[in-house]
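The values are calculated or read from the model by the stated rules, or taken from the named source; none is laboratory data. The structure displayed is predicted, hence computed values, not measured ones. All Cβ positions, glycine included, derive from the backbone under ideal geometry; neighbour counts span all protein chains shown. Note: accessible area is taken over every heavy atom of the protein model, side chains too, but ligands, DNA and RNA are not part of it. Shrake-Rupley method; radii C 1.70, N 1.55, O 1.52, S 1.80 Å.
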Amino acid sequence: MIRNLNAEWRAIGALPVFFVGGLPRSGTTWVQQLLNAHPRVMCMGESHFMNDMVPALVSAAAGYRKRRAEGRDTWAPTVRGPRGPQLGPMVQMAFAALVRENLDGRSATELAAVGEKTPDNIMHMKEIWAVFPAARFVNVIRDGRDGGLSAFIRFRSKLPNDMTRADYMRAYAEGWTNRIRAARALGQDKAYHEVRYETMHADPETEAARLFAFVGADSEPETVRAALDAASFEALSGGRQRGQVDAASHYRRGEVGGWADTLSEAEVEAFETIAGPLMDELGYARAASRAGAA
């Protein structure tokens, strides 16, 4: 029993690790489902490992250090609690434990890579690479006008009652711009890969193959096709076709460019006034240029 457990832990510890992040409603769940559909890749859903478990571990270690330093309830020589570099292995073991708990029948020895998707990972890239120096990071990028519109619809009940859609598009534009720029800067000399939501729609086979190769898995055409079928909008939405809207579903619409027939000119302007320069860099045409081309 112990021998088998140790072998499994060793197998998990030897696997390449990756993290998936991006702005809310950018397609991170689609990418997670696609990766997890690969027979040799395990990509966990939203564990919030970096913004939930890691802070809890750090806080627990700090509390332990404080109690030991005070000698609380101790009647003999005490110890020093772990800190600094010693916390890294604790976090790594916690991630391995999370992986093991969620294998769901898979064998760790048959996997090529393990990872986790939480959109907020995009804000924790520095911390990720501090603990997992060889980690690979997948940043999912979507036209912020589509992402902002989808996020407003999805999260409307949690927003202030007086927040208009234009207000939200303005706020989303700030986050979209700042987080993508920061991610690209941090990823310059690291294992960093961008997945474009729109390119995944236009050429899914090529983009999925690139994604699988990036995390360290094989990208044979039959493997790619099977994973794409398992992670298709139709499969994930319960049978709806792309364009058939269900506002209550996580998989709401599944289309590219829906913002153009939904957002008002003022709402588009609210986004583009802030995000325009980055849109230009990324190749997203502004509304004015689209209108001119038409």
Checklist entry - In the range 8-27, which residue that is open to solvent by 40 Å² or more (accessible area, probe 1.4 Å) and either more than 24 Å from residue 210 (Cα to Cα) or of a type in the set (D, E, K, R) (or both) is modelled with the lowest pLDDT? => result 8
Next on the checklist: List the residue pairs whose Cβ atoms are under 6 Å apart, where the first residue sits in the range 51-78 and is touching a residue at least 60 places away in the same chain (Cβ under 8 Å), the second is part of a helix (DSSP H, G or I), and the two are 6 or more positions apart or on different chains.
Outcome noted: 51/120; 54/91
Next on the checklist: With the requirement that a residue be aliphatic (A, V, I, L, M) and buried (at least 17 other Cβ atoms within 10 Å of the Cβ), what does the range 170-193 give you?
Outcome noted: 171, 173, 180, 183, 186, 191
Checklist entry - Say we look at the range 28-86 and pick out the residues that are open to solvent by less than 60 Å² (accessible area, probe 1.4 Å) and among the aromatic types (Phe, Trp, Tyr); which of these is nearest to residue 122 (Cα to Cα)? => result 49
Checklist outcome for this item: Checked pairs for the range 204-219, first open to solvent by 50 Å² or more (accessible area, probe 1.4 Å), second polar (S, T, N, Q) and part of a loop (DSSP other than H, G, I, E, B), C-beta under 9 Å and 6 or more apart or across chains, list as 210/219; 213/219
Checklist outcome for this item: Of the conditions (1) within 18 Å of residue 117 (Cα to Cα); (2) open to solvent by less than 50 Å² (accessible area, probe 1.4 Å); (3) among the charged types (D, E, K, R), the single one that residue 196 does not satisfy is (2)
Checklist entry - What pairs can you find where one residue is in the range 87-111 and closer than 14 Å to residue 44 by Cβ and in contact (Cβ under 8 Å) with a residue 24 or more places away in the chain, the other is part of a helix (DSSP H, G or I) and of a type in the set (Val, Ile, Thr), and their Cβ atoms are less than 7 Å apart, with a gap of 6+ or different chains? => result 96/12; 99/12; 100/12; 108/12
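Can you tell me which residue in the range 150-170 is farthest from the chain's Cα centre (by Cα), limited to those that are hydrophobic (A, V, I, L, M, F, W, C), part of a helix (DSSP H, G or I) and more than 27 Å from residue 43 (Cα to Cα)? Steps first, answer last, please.
If we filter the range 150-170 for residues that are hydrophobic (A, V, I, L, M, F, W, C), which is where we start, we get 151-153, 155, 159, 163, 166, 169.
Checking which are part of a helix (DSSP H, G or I) leaves us with 151-153, 155, 166, 169.
If we keep only those that are more than 27 Å from residue 43 (Cα to Cα) too, we end up with 166, 169.
On the way: 166: 26, 169: 21 Å.
Result: 166.
May I ask you to verify whether residue 156 is of a type in the set (Lys, Arg), in contact (Cβ under 8 Å) with a residue 60 or more places away in the chain and more than 22 Å from residue 49 (Cβ to Cβ)? Break it down stepwise before answering.
Numbers: of a type in the set (Lys, Arg): yes; in contact (Cβ under 8 Å) with a residue 60 or more places away in the chain: no; more than 22 Å from residue 49 (Cβ to Cβ): yes.
Judged against the criteria, residue 156 is not a match.
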Checklist entry - Of the residues that sit in the range 119-147 and are part of a helix (DSSP H, G or I), of a type in the set (D, E, K, R) and within 21 Å of residue 189 (Cβ to Cβ), which one is least open to solvent (accessible area, probe 1.4 Å)? => result 127
Checklist outcome for this item: All-but-one check, residue 150 against (1) open to solvent by 20 Å² or more (accessible area, probe 1.4 Å); (2) of a type in the set (Ser, Thr, Tyr); (3) under 24 Å from residue 277 (Cβ atoms), failing number (1)
Checklist entry - Which residue, of 217, 173, 248, is at pLDDT 95 or above, part of a loop (DSSP other than H, G, I, E, B) and within 22 Å of the chain's Cα centre (by Cα)? => result 217
